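Following: one structure in C-alpha cells, then a few remarks.
The values are calculated or read from the model by the stated rules, or taken from the named source; none is laboratory data. Remember, it's a predicted structure, so these values are computed and weren't measured experimentally. Every residue, glycine as well, gets a Cβ built from its backbone with ideal geometry; the counts of neighbours run over all protein chains shown.
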C-alpha cells in the first residue's frame with residue numbers, strides 16, 4: 001500500500017523541527033514525510049522559474065503540503081496536491097478568502113496544529129497513535145458569562161459525535177439551563193438518583209447510568225433544582241467524571257462548567273485532559289480571561305486551548321491589544337451566528353467553525 005506523501009516546507013529550522021518531531025512521533029511508518037527548509041530546493045520542486053521541476057515537465061504529486069506563508073505561491077496549485085495548509089504569520093480566525101488552501105495560524109501550539117491537520121486529512125493519514133486510546137475529558141470553561149460557553153460545549157459534543165466518536169456531555173453548572181438546546185428538557189425526577197448523588201460512591205456513574213439520554217451524543221439530564229437546594233455537594237461532578245472515565249465507555253467526556261473559580265474548579269481542571277477556555281473579543285471578556293489564566297498553573301501549556309466565540313470582524317478585537325497579546329493565543333475564532341438561539345444542539349454539527357474546533361481535539 002502506498003503511503004501518503006506529506007511535505008512540510010518552512011525556512012524556520014527550529015519551528016520545522018518541532019513539526020517534524022510531532023509527525024514522526026504520531027505517524028511513524030504510516031507516511032512518507034519530507035521536510036524542506038531551503039528556498040532554492042523548494043523553488044526547484046514547486047516554483048515557476050526555468051529551473052523548477054514543473055517547468056521541466058515533472059509536476060509534483062503529494063497528499064498533504066504544509067507550507068509557510070513566506071514560501072506559498074499560487075503556482076503550487078499546478079501540481080497534484082490534494083490538501084494545502086498555509087502557515088500564516090497573522091491569525092485570521094481560520095479564514096483566508098482562498099478556497100484552495102486551509103490557513104493555520106503558525107503560532108498556535110504544535111499539538112493543536114497537528115490535530116487540525118489530522119482531523120482534516122483523516123481519510124489520508126492515520127494519526128491514531130498520536131493520542132492514548134482512552135477516554136479524554138474535555139473541560140469547557142470561561143472567565144465571564146455570556147460568551148457562549150455552553151453553545152461551544154454542546155457544539156463540540158455534536159461535532160465529535162458526527163465524527164463517529166462516542167461522547168458523553170456533562171453540564172457541571174450549579175444552576176443548569178443547557179436543556180433549552182435539547183429536545184427533551186425534562187429533569188431527573190427520581191428521588192433514588194438524588195439520594196445516590198448526595199453521598200456519591202466511587203462508582204457513582206454506574207449507579208446513574210440508566211438515566212442517561214441520547215440526542216446524537218449522550219448526556220446526563222438536568223437536575224430538578226440547583227445543587228444547593230438538593231443538598232448535593234459540587235464535588236459530585238468530579239466523582240461522576242472519574243467514575244465514567246474509568247468505564248472507558250466513551251471516547252470523549254465533554255464537561256461544561258460555570259464561571260466560578262474555586263477549589264472544586266481547580267479539581268476539574270486537574271481531571272481534564274484538555275481545557276477549552278472560551279472568550280469573546282470584547283474588552284471586558286478579554287481582560288477577564290487574562291485574569292483567569294493568571295490564576296491557572298501552566299495555562300499556556302498544550303493542555304489549554306483558547307477559543308473566541310461570536311467573533312465579528314467589524315467590532316474591535318481586544319484579544320490582540322498590547323495589554324492582552326502574549327498572555328494567551330486564540331486557537332480559533334468562531335464567527336457570529338445571527339440566530340443561534342433558535343438552533344438545537346445537533347444543528348451545531350453543521351457549522352463549519354464548530355467543526356474546525358472539534359478537529360483540533362481529534
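Here are a few things to note about the model shown:
- A single entry from 338, 331, 314 fulfils the requirement of being in contact (Cβ under 8 Å) with a residue 24 or more places away in the chain, more than 25 Å from residue 218 (Cβ to Cβ) and assigned by TED's automatic domain parsing to the domain that holds residue 184: 331.
- Residues being farther than 25 Å from residue 80 by Cβ and in contact (Cβ under 8 Å) with a residue 40 or more places away in the chain - total across segment 7-25: 5
- Hey, residue 179 over 20 Å from the mean Cα position of the chain (by Cα), surrounded by fewer than 21 Cβ atoms within 10 Å (Cβ to Cβ) and on the phi > 0 side of the Ramachandran plot or not: no
- Of all the criteria given as (1) in a loop (DSSP other than H, G, I, E, B); (2) within 26 Å of the chain's Cα centre (by Cα); (3) modelled with pLDDT under 85, the one not satisfied by residue 50 is (2).
- Some residue of segment 349-362 being under 18 Å from the mean Cα position of the chain (by Cα) and without any contact (Cβ under 8 Å) to a residue 12 or more places away in the chain: yes
- Taken over segment 301-340, the residue count meeting the criterion of being under 21 Å from residue 356 (Cα atoms) and assigned to a loop (DSSP other than H, G, I, E, B) is 12.
- Residue 350 touching a strand residue (DSSP E or B) at 6+ places or on another chain (Cβ under 7 Å), surrounded by fewer than 20 Cβ atoms within 10 Å (Cβ to Cβ) and at pLDDT below 95: no
- Condition met for residue 159 (at pLDDT 90 or above and under 26 Å from residue 282 (Cα atoms)): no
- Restricting 259, 289 to residues that are touching a strand residue (DSSP E or B) at 6+ places or on another chain (Cβ under 8 Å), surrounded by fewer than 21 Cβ atoms within 10 Å (Cβ to Cβ) and either outside any helix (DSSP H, G or I) or in contact (Cβ under 8 Å) with a residue 24 or more places away in the chain (or both) narrows the list to 259.
- Condition check for residue 290: within 21 Å of the chain's Cα centre (by Cα) and more than 21 Å from residue 169 (Cβ to Cβ): yes
- Answer from 190, 201 - the residue that is modelled with pLDDT under 95 and within 29 Å of residue 346 (Cβ to Cβ): 190
- Looking only at segment 240-256, residues that are out of contact with any helix residue (DSSP H, G or I) (no Cβ under 7 Å at 6 or more places or on another chain) and either modelled with pLDDT of 95 or more or in a helix (DSSP H, G or I) (or both) come to 2 in all.
- Number of the exception - residue 272 against (1) touching a residue at least 60 places away in the same chain (Cβ under 8 Å); (2) closer than 21 Å to residue 135 by Cβ; (3) surrounded by fewer than 17 Cβ atoms within 10 Å (Cβ to Cβ): (3)
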